[in-house]
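Please see the structure below; I have some questions.
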Amino acid sequence: MFRLGTAELAAAGYLAVIVTTVAFVLWYSAVAGIGSGRAALLCGVAPVAAAVVGIATTGHVPTPPVWAGIAVVMAGLVVGLRTPAPSTDTPTTPTLGVDAHAAASLAAPRRAPA
């Protein structure tokens, strides 16, 4: 039967609580700072980080296709993060074909006739 000792349980708890908490805080800070669309580009960093950690921990150098994939990911990040964020001046709520002025008049509170 497989048993976990105190050190293994502590390591699992650390990964489950501390590392996950830090990851969530960093992720949602990025989303709040640069927007969800641009933050989604950061998902591409995971395979790059895995390759770097693999080199650091095992000394195994990735193959040329992996390096090519890393280059594509980095190029995508550069292009995606350098593109100006969309303007927030226009409303993003759909109006179902009603122009903005008509939608505003529909949403305005109605006054009782005098």
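Among the helices (runs of 4 or more DSSP H) confined wholly to region 4-91, which include 3 or more residues that are touching a residue at least 24 places away in the same chain (Cβ under 8 Å)? Explain how you work it out, then say what you get.
Values: elements: 6-13, 20-34, 36-40, 45-58, 64-82.
Output list reads 45-58, 64-82.
If you don't mind, another one. Taking into account only those residues within region 10-58 that are of a type in the set (S, T, N, Q) and either under 20 Å from residue 80 (Cβ atoms) or in contact with a strand residue (DSSP E or B) (Cβ under 7 Å, 6 or more places away or on another chain) (or both), which is surrounded by the fewest Cβ atoms within 10 Å (Cβ to Cβ)?
At the first step, the residues of region 10-58 found to be of a type in the set (S, T, N, Q) are 20-21, 29, 36, 57-58.
Restricting the remaining residues to those that are either under 20 Å from residue 80 (Cβ atoms) or in contact with a strand residue (DSSP E or B) (Cβ under 7 Å, 6 or more places away or on another chain) (or both) gives 29, 36.
Values: 29: 11, 36: 9.
Once the filter is applied, the top-ranked residue is 36.
In region 75-98, which residues are aliphatic (A, V, I, L, M) and modelled with pLDDT under 90?
Quick first cut of region 75-98, residues aliphatic (A, V, I, L, M) only: 75, 77-79, 81, 85, 96, 98.
Hits for region 75-98 are 77, 78, 79, 81, 85, 96, 98.
The values are calculated or read from the model by the stated rules, or taken from the named source; none is laboratory data. Just so we're clear, the structure is a prediction, and the values are computed from it rather than from any experiment. Glycine also receives a Cβ, built like all others from the backbone with ideal geometry; neighbour counts cover every protein chain displayed.
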